[in-house]
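Scroll down for the structure; my scribbles are underneath it.
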Amino acid sequence: MADVKPLRALRYDTTLAGPLSQLTAPPYDVITAEDRIELLGRSEYNVVAIDLPVVQVPPAGSEAERRDELRPYEEAGARFEDWQKTGILKRDRVPAFWAHSQEYTGPDGVARTRRGFFCRVHLEDYGAGRIRPHERTHPGPKEDRLRLMRATRADLSPIFALYSDPSHSVWDAIAPAAEETPSAEVTDREGTVHRLWQVSDPETIAIVQRAMRDAELLIADGHHRYETANAYAKEIGEIDGHSEHEYVLMCLVALDDPGLSVFPTHRLIAPLQQDARDALREAIANSFEIEDVSLEQLPPPPGGAPAQFGYIDSRLQPLRLTLRSQASADAALRGHSEAYRRLDTGVLEALLLRGALQMSDEDIEELRLLRYSSNADEAISLVRSGEVEAAFLMRPTPISQVRDVAASGESMPPKSTFFYPKLLTGLLFNPLG
């Protein structure tokens, strides 16, 4: 059961802070150091000033080092509080849902519009019928986000989650509000147009809450932040089902929304010693049918079983790899659900990353031999330059497969999906008391 509530959002007062184009930013985990400098150059009030503290001290050893490590978070919290005191940020008086649309052109060149709504969702441990993850997470980002949440006492960026609504009843209830002039509109650096409409009508809110009552939510993006928010709520305690810290800011999008799209994240292998290089090539030859293709054909077309990847290594011959026998994947993934055993990312991880290259969980989590890229041209360029040993170009994971793996109670390997476009940070914030 999804406990969905409206929120009294904290938002920029653009008459004081300036236009949203100078204030919003992509999610913190896709912002480079250069991006951060550029965003702060737009405005001192850009959200990265609080959402992405610059932590330069390594993990604490002495007490003095620990104080230095925490200082950027404390400064972010003080700055966030100051913005509220000076009116840069103002809190809405009336609780509301916020209808949201994103007009975008995907990496495939197709124009779409994705529709959803912002709300507060009651925090729960993962479980059937409630809230499910779809990917494994790393410990580092969770510690970073927990420190920031303690300092700001707010959700600074929304979690992106999916729900099933074949009849489109939720959006049908919200749609009339989205026909009015938007409360906010901004175009991001990718050309995506983000629009917000306030939905404060009590009857509409009640309709949405009833429609969502039996919904199971699947986290599409923001696993680390959800787990952080849940940990923070338990840390604060005082659980009564109504306190602000028991809820988390989400943008909910229907699995059935025609604008929902998912793209692949490609795997890059760091330079290898000769024995590891030989082991990888031998495993590929043993488990996959190998076909020479042109560079243009290297990204494999969308499809189902068997598992298939584009592959290029230091020999620079583009190849198409197709799993020779599902039995080999089933054996390597014994104990996993049928849905998981047919995941391209699961097969690649089991047979080649863990099998041939003997990567451990820690190796994968710490990115010791593995990197990711959502851009096929970038992946190929990195192989050509010698910066990486090889690239596996992945197919997009179908939404149905994401849902089936989550329903089995399992989580996919990291970066199994790339939901596009990203949600902006800075459109609204959710105070936690």
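Lys and Arg at +1, Asp and Glu at -1: add these up for the other residues within a Cβ distance under 11 Å of LEU427 and post the number.
Numbers: positive: ARG11, ARG195; negative: GLU185, ASP188.
Summing Lys/Arg as +1 and Asp/Glu as -1 gives 0.
Looking at the square roots a ≥ b ≥ c of the eigenvalues of the Cα gyration tensor of the range 328-379, which shape do they give, rounded for a/c under 1.5, prolate if a/b is larger than b/c, or oblate? List each step's numbers first, then the result.
On the way: a/c = 2.31, a/b = 1.45, b/c = 1.59.
Oblate is the answer for the range 328-379, as a/c is 1.5 or above yet b/c matches or exceeds a/b.
Which whole-number percent is the relative contact order of the range 255-384 (Cα, under 8 Å, 6+ apart)?
Values: 143 pairs, mean separation 44.7, N = 130.
This gives 34 percent for the range 255-384.
Round to the nearest 10 and report in Å² the accessible area of LYS90, as given by a 1.4 Å probe over the protein chains' heavy atoms.
For LYS90, solvent-accessible area is about 110 Å².
So for each of 391-403, 100-112 I average, over its residues, the number of other beta carbons within 10 Å; can you give me the resulting order with the highest mean first?
Values: 391-403: 20.5, 100-112: 15.6.
Taking the mean over residues of other Cβ atoms within 10 Å, the ranking is 391-403, 100-112.
Tell me the accessible surface of LYS85 in square angstrom (1.4 angstrom probe, heavy atoms of protein chains only), to the nearest ten.
So the heavy atoms of LYS85 present about 150 Å² to solvent.
Leaving out same-chain residues fewer than 8 places away, which lysines sit with a Cα under 29 Å from that of LYS5?
By straight Cα distance, LYS5 reaches LYS85, LYS90, LYS142, LYS234, LYS422.
Rank-order 270-278, 157-165 by packing density, defined as the average count of other C-beta atoms within 10 Å over each peptide's residues, highest first. It would help to have the intermediate numbers written out before the result.
Values: 270-278: 13.0, 157-165: 22.7.
Going from most to least packed, we get 157-165, 270-278.
For every helix of n ≥ 4 consecutive DSSP H residues, a contribution of -39,500 (n - 2.57) applies; sum these over the chain, divide by its total residues, and give [θ] at 222 nm rounded to the nearest 500 deg cm²/dmol. Let's see the in-between values first.
Numbers: 15 runs with 140 residues, N = 433.
So the helix-based figure for the chain works out to -9500 deg cm²/dmol.
Evaluate the relative contact order of the range 113-270 (contact order divided by residue number), counting alpha-carbon pairs under 8 angstrom at least 6 apart; express in whole percent. Mind showing how you got there, number by number?
Details: 210 pairs, mean separation 73.9, N = 158.
Relative contact order here is 47 percent.
Once you place label points 7 Å from the Cα toward the Cβ at ALA175 and ARG213, how far apart are they in nm?
2.4 nm
Apply the Karplus curve 6.51 cos²θ - 1.76 cosθ + 1.60, θ = phi - 60°, to the phi angles in the range 104-118 and return the couplings in whole Hz, x for Gly and Pro.
8, 10, x, x, 8, x, 8, 7, 9, 10, 9, 10, x, 8, 8
Which whole-Hz ³J(HN,Hα) couplings does the range 422-433 yield from phi under the Karplus relation 6.51 cos²θ - 1.76 cosθ + 1.60, θ = phi - 60°, glycine and proline marked x?
So the J values, rounded to whole Hz, are 6, 7, 7, 9, x, 5, 7, 10, 10, x, 10, x.
Counting DSSP beta bridges with both partners in the range 142-273, what percentage is antiparallel, nearest 5? Please list the in-between numbers first.
Values: 7 of 12 bridges.
The answer is about 60 percent antiparallel.
Mind ordering 13-23, 245-255 by average Cβ neighbours within 10 Å, highest first? Present the calculation step by step, with values, prior to reporting the outcome.
Working: 13-23: 15.9, 245-255: 23.8.
Final packing ranking: 245-255, 13-23.
Among DSSP beta bridges lying fully in the chain, give the percent that are antiparallel, nearest 5. Please report the intermediate quantities before stating the final value.
Numbers: 61 of 69 bridges.
Antiparallel bridges: around 90 percent, rounded to the nearest 5.
Quote the relative contact order of the chain in percent (integer), defining contacts as alpha-carbon pairs under 8 Å separated by 6+ residues.
Values: 824 pairs, mean separation 103.1, N = 433.
After rounding, I find 24 percent.
Separation between the ARG71 and ASP108 pseudo-spin-labels, each 7 Å from Cα along Cα→Cβ, expressed in nm?
Rounded to a tenth, the inter-label distance reads 5.0 nm.
Among SER101, ILE88, THR113, which residue has its Cα positioned farthest towards the positive end of the charge dipole of the range 77-157, with +1 placed on the Cβ of Lys and Arg, -1 on the Cβ of Asp and Glu, and the dipole taken about the Cα centre?
In the range 77-157, that residue is ILE88.
Suppose the chain between GLU44 and THR187 were pulled fully straight at 0.36 nm per residue; how much longer would it get relative to their current alpha carbon spacing? All intermediate terms of the calculation are to be shown ahead of the outcome.
Working: separation 143, 0.36 × 143 = 51.48 nm, distance 1.93 nm.
Here the answer is 49.5 nm.
The values are calculated or read from the model by the stated rules, or taken from the named source; none is laboratory data. Treat the numbers as computed from the prediction; the structure is a model and nothing was measured. Note: ideal-geometry Cβ built from the backbone for every residue, glycine included; neighbour counts use all protein chains shown. Areas reflect the complete protein model, heavy atoms only, side chains present, ligands, DNA and RNA absent. Shrake-Rupley method; radii C 1.70, N 1.55, O 1.52, S 1.80 Å.
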